[in-house]
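Student: Before anything else, here's the structure in question.
The values are calculated or read from the model by the stated rules, or taken from the named source; none is laboratory data. Computed from a predicted structure; not experimentally measured. So basically every Cβ, Gly included, is an ideal-geometry build from the backbone, and we count neighbours across all protein chains shown.
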């Protein structure tokens, strides 16, 4: 590794926060399948070192899944190594994985990957209310189903989940015809489900049922961002808000972007992506893409959970309209978007492209780390001790050797 970067190299490396940038994968010789096929309806999560992708759907492909039956669903868990710029297939139909592989809910809690719900194909015929976990960093051989008891949520897909104060909450979803916004929660210690709140629009001002919504959250509330039914999509101007402590639904009115003509808020949408990141200005939520059944979006919006003011990120735009994709945010504030459907008037094309965007101006150490990886591509091959002797901070060394 050289001690200095020449001026030409420095000028070639230009760091632009808020810019949506395509990641070009490193080609791996000798692998028949070195990256995921194009898909939609999958889910991703990420850390500072890796992105994990589970499931997905592509009606134009037939893959062999459990039982040696051809399917258009992907029974597989992939890892994208952010440092090495490489995909690795961790588990497939040869492992013990769920068979409901579209529109699951998935989160990463510490080092644990948690998958809940989802549907097989045709959508809605076989739905799930099972909970699965694995530790992807330990190269697992299966996703372990957690045995639970109590009042289980209905088998659905398109729901959301969030972990808070020892409970796993699930909100909304559909079995294909009826849509809910009910709240169930699992006591993780006792592994017992209970219905925390059953929506009754006939007697209360509860939010209407929906699927493929997204959520934002703070210490007290869960905010429902969009979502819809088969023929509708819900507004992002007034956000259904579930108070975790009071077990009550209210609505939070948002403020329009002051630099835009009215209405100045995102159009109603479903099948979009949503991530959040904590900044000095409070928690900021990024919403990208989606559609409402007739219109398709490539815009990127930011919502501050302190002021509830929307901002259209005019320097940030997806390269094309995109829906049924997914996004995840690293601990350092970088958003990654993978897959989804690219709208076309002739046909809808699924993608397997990864895009990234810094949600904030990152720390100088993160900028230096990206530049170092860009110009010193031999770093991932070095041992932990060699990296430490070069003066690389431990947290970045761990990204190489724990990815």
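Student: Would you mind finding the one in 216, 137 that is at pLDDT below 95, closer than 26 Å to residue 50 by Cα and either surrounded by 14 or more Cβ atoms within 10 Å (Cβ to Cβ) or out of contact with any helix residue (DSSP H, G or I) (no Cβ under 6 Å at 6 or more places or on another chain) (or both)?
Tutor: That would be 137, the only listed residue that is at pLDDT below 95, closer than 26 Å to residue 50 by Cα and either surrounded by 14 or more Cβ atoms within 10 Å (Cβ to Cβ) or out of contact with any helix residue (DSSP H, G or I) (no Cβ under 6 Å at 6 or more places or on another chain) (or both).
Student: Hey, can you tell me all the residues within segment 45-64 that are part of a loop (DSSP other than H, G, I, E, B), within 24 Å of residue 271 (Cβ to Cβ) and either in contact with a helix residue (DSSP H, G or I) (Cβ under 9 Å, 6 or more places away or on another chain) or modelled with pLDDT of 95 or more (or both)?
Tutor: Of everything in segment 45-64, those that are part of a loop (DSSP other than H, G, I, E, B), within 24 Å of residue 271 (Cβ to Cβ) and either in contact with a helix residue (DSSP H, G or I) (Cβ under 9 Å, 6 or more places away or on another chain) or modelled with pLDDT of 95 or more (or both) turn out to be 55, 56, 58.
Student: Filter segment 277-312 down to the residues that are farther than 20 Å from residue 213 by Cβ and at pLDDT 95 or above and list them by number.
Tutor: 306, 307, 309, 311, 312
Student: Sticking with this structure for a sec: Just the residues that are closer than 18 Å to residue 43 by Cα and part of a strand (DSSP E or B), please, taken from segment 310-325.
Tutor: Scanning segment 310-325 gives 322, 323.
Student: Among the numbered criteria (1) surrounded by fewer than 18 Cβ atoms within 10 Å (Cβ to Cβ); (2) more than 30 Å from residue 92 (Cβ to Cβ); (3) at pLDDT 95 or above, which single criterion is violated by residue 180?
Tutor: Failed condition: (1).
Student: On to the next question. Tell me yes or no: at least one residue of segment 389-402 is closer than 20 Å to residue 87 by Cβ and surrounded by fewer than 18 Cβ atoms within 10 Å (Cβ to Cβ).
Tutor: Yes, segment 389-402 contains a residue that is closer than 20 Å to residue 87 by Cβ and surrounded by fewer than 18 Cβ atoms within 10 Å (Cβ to Cβ).
Student: Same structure, new question: From the list 116, 121, 74, exactly one residue is in contact (Cβ under 8 Å) with a residue 24 or more places away in the chain, surrounded by fewer than 19 Cβ atoms within 10 Å (Cβ to Cβ) and outside the structural domain of residue 379 (by TED's automatic domain parsing). Which is it?
Tutor: Result: 121 is the single residue among 116, 121, 74 that is in contact (Cβ under 8 Å) with a residue 24 or more places away in the chain, surrounded by fewer than 19 Cβ atoms within 10 Å (Cβ to Cβ) and outside the structural domain of residue 379 (by TED's automatic domain parsing).
Student: A follow-up question, please. Are any of the residues in segment 349-364 more than 25 Å from the chain's Cα centre (by Cα) and either assigned to a loop (DSSP other than H, G, I, E, B) or at pLDDT below 95 (or both)?
Tutor: yes
Student: Within the group 209, 176, which residue is over 21 Å from the mean Cα position of the chain (by Cα), free of Cβ contacts under 8 Å to residues at least 40 places away in the same chain and in a loop (DSSP other than H, G, I, E, B)?
Tutor: Just one listed residue meets the conditions, 209.
Student: Scan segment 231-257 residue by residue and report those that are surrounded by fewer than 16 Cβ atoms within 10 Å (Cβ to Cβ) and over 20 Å from residue 273 (Cβ atoms).
Tutor: Listed by number, the residues that qualify are 231, 238, 243, 245, 246, 247, 248, 250, 251, 252, 253, 255.
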